[in-house]
1. Would you be able to tell me the number of residues in region 128-142 that are out of contact with any Lys or Arg (no Cβ under 9 Å at 6 or more places or on another chain) and under 22 Å from Val243 (Cα atoms)?
2. Quick one: what pairs do we get from region 315-328, first residue at positive phi, second part of a loop (DSSP other than H, G, I, E, B) and buried (at least 18 other Cβ atoms within 10 Å of the Cβ), C-beta under 9 Å, 6+ apart or different chains?
3. Restricting attention to region 294-310, does a residue exist that is in a loop (DSSP other than H, G, I, E, B) and open to solvent by 10 Å² or more (accessible area, probe 1.4 Å)?
4. Being of a type in the set (Lys, Arg) and surrounded by fewer than 23 Cβ atoms within 10 Å (Cβ to Cβ) is the filter; apply it to region 335-388 and report the residue that is farthest from His17 (Cα to Cα).
5. Quick one: which residue in Lys235, Lys198 is in a helix (DSSP H, G or I) and surrounded by fewer than 22 Cβ atoms within 10 Å (Cβ to Cβ)?
6. Output the qualifying pairs, or none if there are none: Cβ atoms under 7 angstrom, residues six or more apart or on different chains, first residue in region 369-385 and acidic (Asp, Glu), second residue open to solvent by 40 Å² or more (accessible area, probe 1.4 Å) and not in a loop (DSSP other than H, G, I, E, B).
7. Could you tell me which of the residues Ser138, Ser89 is closer than 18 Å to Ser212 by Cβ and open to solvent by 30 Å² or more (accessible area, probe 1.4 Å)?
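The values are calculated or read from the model by the stated rules, or taken from the named source; none is laboratory data. Just so we're clear, the structure is a prediction, and the values are computed from it rather than from any experiment. Heads up, the Cβs are rebuilt from the backbone with ideal geometry, glycines too, and the neighbour counts pull from every protein chain shown. Ligands, DNA and RNA are stripped out before the accessible areas are found, and what is left, the full protein with its side chains, is counted by its heavy atoms. Shrake-Rupley method; radii C 1.70, N 1.55, O 1.52, S 1.80 Å.
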Amino acid sequence: MEIRARAPGKIILAGEHAVVHGSAAVAAAIDLYTQSSHHLPPSGEGGAGEVEVDLTDSGLAFSWPCSRLLEALGVTSRKAELQAPRPCSPEELAAIARLVELHEIPEAKIWLSAGLSAFLYLYTSILGCRPGKVVVSSGLPMGAGLGSSAAFSVSLSGALLTAAGVVSAEGAVGGTEWQLLGKDHLELVNTWAFQGEKIIHGKPSGIDNAVSTFGSMIKFKKGELTNLKSGNPVKMLITDTRVGRNTKALVAGVSERASRHPDAMASVFHAVNTISEELSSIVELAATDEIAMTSKEEKLAELMEMNQGLLQCMGVSHASIETVLRSTLKYNLVSKLTGAGGGGCVLTLIPTLLSKLVLEKVTTELESHGFRCFKVEVGGQGLQIHQG
């Protein structure tokens with residue numbers, strides 16, 4: 001029996017950085033996914049067998065004897081506890097870290113340690129020490145601000161909870177083999193995924209796993225989440241500059257600038273809030289003809305352009321981001337950074353009437369700078385399950 005779960009990545013359409021200072025922000029799912037497949041052999045819990053995880057994109061696989069896991073963690077899965085995930089205690093996290101250290105992870109991929117710790121926590125908490133194999137693959141670039149770790153935690157939680165019989169699919173995604181979960185089951189998956197995210201990131205906001213679980217678009221402000229329903233498909237070109245960035249340092253830099261120029265930066269944050277609120281209203285409008293669609297896209301482009309200008313005011317742009325802006329502007333296309341800035345990824349709105357030839361030219365020019373490009377649809381489905 002194989003259970004597959006796939007969860008989308010995310011982008012920030014508006015409001016990054018300013019959201020830390022009380023402004024609204026808008027995040028959306030994209031149709032780039034992380035997939036976790038689980039094979040559960042029909043055997044008892046504990047004892048013989050192994051728990052395996054194959055990370056296909058990194059070319060690495062890891063396994064632990066069930067007896068070793070049972071000795072180190074002493075866990076068994078109980079359905080009553082699965083409905084209310086408990087946080088990973090410091091003692092349990094230390095025990096899990098020792099289990100991860102049994103494997104020699106290449107220095108260049110040492111960041112995998114946190115993900116493996118999240119894997120062991122989720123697997124043993126949900127399925128206990130029962131033998132099984134999980135294979136993880138992803139279409140999302142790692143560490144680029146597109147929610148790859150959240151998609152990992154959500155897809156893994158979805159597959160494991162389905163294997164445990166705690167959640168089940170309810171309806172098919174039109175014309176595909178994938179199925180959706182009901183709202184209550186999605187809520188449970190999201191709660192578990194957030195526990196995984198806490199192991200990976202320490203103090204995550206919960207936004208990334210919520211978008212990956214529920215899909216569509218979400219407006220968030222001061223801890224409050226509002227689900228948005230996109231009235232029309234929105235297409236973006238995502239450019240991964242391949243430039244790494246230090247998110248904590250960038251966030252701190254904005255806060256330092258705000259402390260030096262409190263009045264000016266308060267105006268910047270207020271303007272970003274207004275942009276996010278207006279963008280939230282526009283994306284929910286349903287354009288019924290070509291003229292209305294063009295008008296809607298023009299408004300979105302203007303808001304993105306203004307938001308990018310304000311992000312530059314915050315000091316979080318980068319030479320690589322400016323290169324993308326100049327390249328796309330040649331074709332009258334509007335772009336803005338998404339996420340932390342300082343490198344990472346840039347969004348370019350693709351108008352409905354843009355020709356394929358122009359899009360190919362833009363993509364070719366961007367790739368000539370060493371960037372990677374992904375054409376995506378924004379605001380689609382969240383977690384999906386396939387059993388077979």
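1. So the answer is 4.
2. Once the first residue is at positive phi and sits in region 315-328, its partners that are part of a loop (DSSP other than H, G, I, E, B) and buried (at least 18 other Cβ atoms within 10 Å of the Cβ) give Gly315/Gly341.
3. No, because not a single residue in region 294-310 is in a loop (DSSP other than H, G, I, E, B) and open to solvent by 10 Å² or more (accessible area, probe 1.4 Å).
4. Of the residues in region 335-388, the ones of a type in the set (Lys, Arg) are 336, 356, 361, 372, 375.
Still in the list and also surrounded by fewer than 23 Cβ atoms within 10 Å (Cβ to Cβ): 356, 361, 372, 375.
Values: Lys356: 34, Lys361: 32, Arg372: 24, Lys375: 25 Å.
This residue is Lys356.
5. Numbers: Lys235 fails: in a helix (DSSP H, G or I).
Testing whether each residue is in a helix (DSSP H, G or I) and surrounded by fewer than 22 Cβ atoms within 10 Å (Cβ to Cβ) leaves just Lys198.
6. From residues that are acidic (Asp, Glu), the pairs are Glu377/Asp31; Glu377/Lys235.
7. Being closer than 18 Å to Ser212 by Cβ and open to solvent by 30 Å² or more (accessible area, probe 1.4 Å) holds for just one of Ser138, Ser89, which is Ser138.
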